[in-house]
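**Q** Structure below; questions to follow.
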Amino acid sequence: MYNYGECEICNTTLQERNIQQDFWIKDKLVVIENVPTGVCPRCGEKVVNAEIGEHIAELLRDSERIDKAPTISVPLIRCEVATGMA
Ligand SMILES: [Zn+2]
């Protein structure tokens, strides 16, 4: 298991979890599941190591794979409060 060290924000020891991460590629939302990630149990900060980061970048460049991947639908809701009006 990779040692992620401590959270840069709150200095809590990060714990490795396999989580879903989402990325916007142009106007397309892509979700990658099972990503080994250092997660801060206190503030929720997430860190991936360089090796995983590189692999993710590779996956996101593979437009053919993205086109063939299964899709999920997600709720789309609109924020109805503007700044200064709350
Ligand atoms: Zn933290």
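**Q** Hey, can you rank 22-32, 47-57 by average C-beta count inside 10 Å, highest first?
**A** 47-57, 22-32
**Q** OK, next. Residue by residue through segment 49-56, which ³J(HN,Hα) values in whole Hz follow from phi under the Karplus form 6.51 cos²θ - 1.76 cosθ + 1.60 (θ = phi - 60°), with glycine and proline marked x?
**A** Going residue by residue, I get 7, 4, 5, 5, x, 5, 5, 4 Hz, with x marking Gly and Pro.
**Q** For a quick check: sort C7, C43, C79 by the number of other beta carbons within 10 angstrom, fewest at the front.
**A** Ranked by crowding around the Cβ, least crowded first: C79, C43, C7.
**Q** How far, in nm, would the chain grow between E51 and K26 when pulled straight, counting 0.36 nm per residue and subtracting the alpha carbon separation?
**A** 6.6 nm
**Q** Between V74 and I19, with labels modelled 7 Å along Cα→Cβ, what's the label distance in nm to one decimal, could you check?
**A** 1.4 nm
**Q** Another question, then. In a solvent-free Debye calculation with one equal scatterer on each Cα, what is log10 I(q)/I(0) for the chain at q = 0.18, 0.22, 0.25 Å⁻¹, listed in the order of the q values?
**A** -0.91, -1.05, -1.16
**Q** Still on this structure, I have one more. Expressed as a rounded percentage, what relative contact order does the chain have, with Cα pairs under 8 Å and six or more residues apart?
**A** RCO, the chain: 20 percent.
**Q** Okay, moving on. Less than 17 Å from a label point 7 Å out along the Cα-to-Cβ axis of I66: which backbone N atoms in segment 26-49 qualify, by residue?
**A** 26-33
**Q** Got a sec? How would I72, I19 order by Cβ neighbour count within 10 Å, fewest to most?
**A** I72, I19
Each reported figure results from applying straightforward, stated rules to the coordinates on display, with no laboratory input. Computed from a prediction, not measured in an experiment: that's the story for all the values here. Don't worry about glycine lacking a Cβ; one is built from the backbone with ideal geometry, like all the others, and counts go over all protein chains shown.
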